[in-house]
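Asker: Sending over a structure as structure tokens; questions will come in a sec.
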Amino acid sequence: MTRPKPTDYYARDRRWHPPAYAPDYKTSVSRSPRLPLLSLENTASEITGPTFGQNDIAVGDNDLLSNFARPGENPIGERILLHGRVLDENARPVPNTLVEIWQANASGRYRHKKDGYIGALDPNFGGCGRTLTDDQGAYAFRTIKPGAYPWRNGLNDWRPAHIHVSVFGHAFAQRLITQLYFEGDPLIARCPIVNTIPDPAAVQQLIARLDINETLPLDMIAYRFDIVLRGRRSTLFENRMEGN
Amino acid sequence: MTLPYRPHFLQQSLTPLKETPSQTAGPYVHIGLAPGDAGFQIYDTELGQDIAGPNAAGDRIRVEGRVFDGTGAPVRDVLIEVWQANAAGLYPHPETPGTGDGGPESTENGFRGWGRVISNFESGSWSFDTIKPGGVAGRNGRSMAPHINLWIVARGINVGLNTRLYFADEPDANASDPVLNLIEQTDRRATLLAQPVSGTGSAQNPRVYQFDIHLQGPGETVFFDI
Ligand SMILES: [Fe+3]
């Protein structure tokens with residue numbers, strides 16, 4: 001029987017990602033594995049992954065300005081267009097992949113039964129959206145800029161304005177959840193979750209940039225955020241003979 | 001951040017782009033990935049509810065478990081994604097031979113192979129229903145024992161954790177599984193074995209397996225860098 005020849009994904013650069021144990025982010029202390037991860041060469045279990053199509057989502061799922069709002073009403077907050085592309089490490093577009101986002105409202109409050117922050121809920125804002133990238137890997141959401149919010153870590157810790165982002169790619173090995181921040185926010189540098197990332201250059205990769213050219217005059221400010229998923233080796237020769 | 005798109009023919013650099021760094025999914029991951037569990041209705045369909053639809057072949061099973069932190073407390077805000085092959089050991093993916101052209105190796109309609117699992121906010125318990133996967137072709141012609149791939153995210157987990165669930169009632173396949181055999185400390189292999197719950201698995205009801213995950217401490221589950 002013929003089987004797909006695994007063409008491996010580049011190893012994840014673990015020094016670019018936050019370590020599991022990052023004591024200034026207190027919850028990580030008891031939730032971090034302490035034994036080394038076991039490195040696994042890719043098999044079909046890693047180079048495959050779930051696929052999604054237009055049947056899985058609805059038109060308008062990527063419009064957080066309207067996907068929870070009452071007819072004729074709008075959420076409160078700074079209207080933004082969030083857009084970018086999903087690429088792999090080889091700078092190739094990742095088409096038809098599911099991108100999901102979630103965020104607090106303009107007051108820094110989440111529509112979640114476990115969030116008890118004093119910031120007001122917005123009756124016209126749910127706080128989640130999803131879309132598929134197009135054939136060039138591009139995606140776009142309309143939303144509002146989330147507010148900063150306090151959290152129990154240090155006594156006076158505040159999360160910078162951020163949007164949570166989930167991306168699939170085409171392989172289980174590419175699965176990624178991250179958070180994007182907004183250019184110019186003074187809370188970024190003070191955030192213990194941001195600072196789990198050791199390399200300042202890696203932090204820069206999480207900062208969405210003001211995109212004045214895509215900004216819609218008299219309507220909404222655009223921010224651009226490109227996402228890079230793991231790239232894949234194009235194997236010309238098998239490095240091991242069958243049976244080894 | 002904005003990255004230049006480099007067309008193929010200009011790509012002479014040996015320095016590839018860097019993968020976007022991971023950040024924790026946080027305590028409110030449900031808003032984005034399972035809003036019904038966050039407490040509101042927004043989408044027509046929530047994704048990941050049906051791993052193996054009624055049309056999927058194979059033995060019906062249920063997996064139940066909890067995730068524990070290093071103090072032994074259950075993690076009550078965890079989200080787990082499941083990715084598994086069908087009963088014939090094939091993944092529903094374009095790279096599976098035959099997929100898309102109706103060939104004999106494509107997976108059956110209604111088999112998604114992927115699901116999302118949320119823990120109960122009070123007890124930390126979670127469960128999912130699926131079919132038992134078949135063995136999957138591994139590297140270099142070696143076959144892998146039936147297994148389910150899991151990806152675990154939560155507040156306090158900075159990079160999603162990959163592990164595999166194997167079945168304790170497959171001793172022969174497990175003994176020759178190339179991944180289980182990579183685990184040098186042989187007693188740690190048991191952390192990846194789901195145990196059948198005795199007395200389950202009648203014609204009407206699925207067989208139940210118990211699978212607890214320990215993030216840290218005694219019995220720390222084996223996690224993979226895949
Ligand atoms: Fe958040």
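The values are calculated or read from the model by the stated rules, or taken from the named source; none is laboratory data. This structure is a prediction, so every number in the text was calculated from the model and none was measured. Ideal geometry is used to build each Cβ from the backbone, glycine not excepted, and the neighbour counts take in all protein chains shown. Areas reflect the complete protein model, heavy atoms only, side chains present, ligands, DNA and RNA absent. Shrake-Rupley method; radii C 1.70, N 1.55, O 1.52, S 1.80 Å.
Asker: Along each of its three principal axes, how wide is the spread of alpha-carbon positions in the stretch A:44-172, in whole angstrom units, largest first?
Answerer: Principal-axis extents of the stretch A:44-172 (Cα, largest first): 47, 41, 25 Å.
Asker: With N denoting the number of residues in the stretch A:144-244, provide Rg(C-alpha) divided by 2.2 N^0.38 Å, to two decimal places.
Answerer: Against the empirical 2.2 N^0.38 Å value, I get 1.48 for the stretch A:144-244.
Asker: Under 10 Å, Cα contacts only: if you run a Gaussian network model on chain A, which one of A:E89, A:E78, A:E41 comes out with the highest mean-square fluctuation?
Answerer: Taking springs between Cα atoms under 10 Å, the residue moving most is A:E41.
Asker: Semi-axes of the equivalent ellipsoid for the stretch A:1-118, please: Cα gyration tensor eigenvalues, times 5, square-rooted, ordered largest first, whole Å.
Answerer: 35, 26, 14
Asker: A further question on this structure: What is the calculated FRET efficiency for B:N205 to B:E184, with r their C-beta to C-beta distance and R₀ = 41 Å, to the nearest 0.05?
Answerer: Rounded to the nearest 0.05, the efficiency is 0.60.
Asker: Still on this structure: Looking at chain A as a GNM with Cα springs under 10 Å, which of A:P192, A:P150, A:P217 has the largest mean-square fluctuation?
Answerer: Looking only at A:P192, A:P150, A:P217, the largest GNM fluctuation is found for A:P217.
Asker: Now, a different point. Apply the Karplus curve 6.51 cos²θ - 1.76 cosθ + 1.60, θ = phi - 60°, to the phi angles in the stretch A:106-114 and return the couplings in whole Hz, x for Gly and Pro.
Answerer: Running phi through 6.51 cos²θ - 1.76 cosθ + 1.60 with θ = phi - 60° gives 5, 8, x, 10, 8, 7, 9, 5, 9 Hz.
Asker: Give me, ordered by chain and number, the residues 5 or more places off A:Y223 or on other chains with an amide H under 5 Å from its own placed amide H.
Answerer: Amide H neighbours of A:Y223: A:L81, A:L82, A:H83, A:D211.
Asker: Enter the buried accessible area of the A/B pair, total of both sides, probe 1.4 Å, in Å² rounded to the nearest 100.
Answerer: 8700
Asker: Could you please tell me the mean projected area of the C-alpha convex hull for the protein assembly as shown, averaged over all directions and given in square nanometres to one decimal?
Answerer: In nm², the orientation-averaged hull projection of the protein assembly as shown is 23.5.
Asker: Then there's this: Residues with amide H under 5 Å of B:T200's amide H, sequence separation 5 or more or different chain, H placed in the peptide plane at 1.01 Å from N; which?
Answerer: Under 5 Å from the amide H of B:T200: B:V208.
Asker: In Å, what Rg and Dmax follow from the Cα atoms of the stretch B:78-226?
Answerer: Rg, Dmax (Cα atoms, Å): 16.0, 49.
Asker: If Lys and Arg each add +1 and Asp and Glu each add -1, what is the summed charge of the other residues whose beta carbon sits under 15 Å from the beta carbon of A:F141?
Answerer: Around A:F141, the charge tally is -3.
Asker: Can you give me the C-alpha center-to-center distance between the stretch B:14-73 and the stretch B:115-149, rounded to a whole angstrom?
Answerer: About 13 Å separates the Cα centre of the stretch B:14-73 from the one of the stretch B:115-149.
Asker: Once you've got the GNM for chain B with C-alpha springs shorter than 10 Å, pick whichever of B:Q41, B:Q49, B:Q210 has the biggest mean-square fluctuation.
Answerer: Of B:Q41, B:Q49, B:Q210, the Gaussian network model singles out B:Q41 as fluctuating most.
Asker: Could you give the nm distance between label points at A:S66 and A:L35, where each point is 7 Å from its Cα heading toward the beta carbon?
Answerer: That separation, rounded to one decimal, is 5.3 nm.
Asker: How far is it, in nm, from the label point at A:L216 to the one at A:L187 when both lie 7 Å from their Cα along the line to the Cβ?
Answerer: Modelled inter-label distance: 2.6 nm.
Asker: Then there is this: Skip the ligands, DNA and RNA, and give the accessible area per residue of the stretch A:14-159 with a 1.4 Å probe, whole Å².
Answerer: Result: 43 Å² of accessible area for each residue.
Asker: Quick one: net charge around B:V82, please, counting Lys, Arg +1 and Asp, Glu -1 for every other residue with C-beta under 14 Å from its C-beta.
Answerer: Every neighbour counted, the sum reads +2.
Asker: Would you compute, from DSSP H runs of 4+ residues alone, the mean residue ellipticity of chain B at 222 nm, taking -39500 (n - 2.57) per run and dividing by the full residue count, rounded to the nearest 500?
Answerer: -1000 deg cm²/dmol
Asker: Read phi for every residue in the stretch B:194-201 and hand back ³J(HN,Hα) as whole Hz from Karplus 6.51 cos²θ - 1.76 cosθ + 1.60, θ = phi - 60°, with x for Gly and Pro.
Answerer: So the Karplus estimates, Gly and Pro as x, are 7, 9, x, 8, 5, x, 9, x Hz.
Asker: Of all accessible surface on the stretch A:54-228 at a 1.4 Å probe, what whole percent is carbon and sulfur?
Answerer: On the stretch A:54-228, the fraction of accessible area on carbon and sulfur atoms equals 52 percent.
Asker: Using only the Cα atoms of chain A, what do you get for the radius of gyration and for Dmax, in Å?
Answerer: Rg then Dmax for chain A, in Å: 19.8, 66.
Asker: While we're on this one: So what J values fall out for the stretch A:21-33 if you push phi through Karplus, 6.51 cos²θ - 1.76 cosθ + 1.60 with θ = phi - 60°, rounded to Hz, Gly and Pro as x?
Answerer: In residue order, the calculated couplings are 9, 9, x, 5, 9, 4, 5, 5, 4, 8, 10, 9, x Hz.
Asker: Here's something else I'd like to know. List the residues of the stretch A:72-86 for which accessible area in the full set of protein chains is at least 20 Å² lower than for the chain on its own; 1.4 Å probe, protein heavy atoms only.
Answerer: A:R85
Asker: Only counting protein heavy atoms at a 1.4 Å probe, give the residues of the stretch A:186-222, ordered by number, whose accessible area falls by 50 Å² or more when the other protein chains are present relative to the chain alone.
Answerer: A:Q205
Asker: A further question on this structure: Calculate I(q)/I(0) for the stretch B:125-211 by the Debye formula, one identical point scatterer on each C-alpha and no solvent, and give its log10 at q = 0.24 Å⁻¹ to two decimals.
Answerer: Taking Cα atoms of the stretch B:125-211 as identical point scatterers yields -1.30.
Asker: Quick one: accessible area per residue over the stretch B:68-141, 1.4 Å probe, rounded to a whole number of Å²?
Answerer: Details: 2570 Å² over 74 residues.
Accessible area per residue: 35 Å².
Asker: Using modelled backbone amide H atoms (1.01 Å from N, in-plane), which distant-in-sequence or interchain residues come within less than 5 Å of B:G138's amide H?
Answerer: The list, which skips near neighbours in sequence, is B:S143, B:M144.
Asker: Which of the residues in the stretch B:179-226 lose at least 20 Å² of accessible area when you go from the chain alone to all protein chains together (probe 1.4 Å)?
Answerer: Going by heavy-atom accessible area, the residues of the stretch B:179-226 that drop by at least 20 Å² are B:L182, B:R188, B:L215, B:Q216, B:E220, B:F223, B:F224, B:D225, B:I226.
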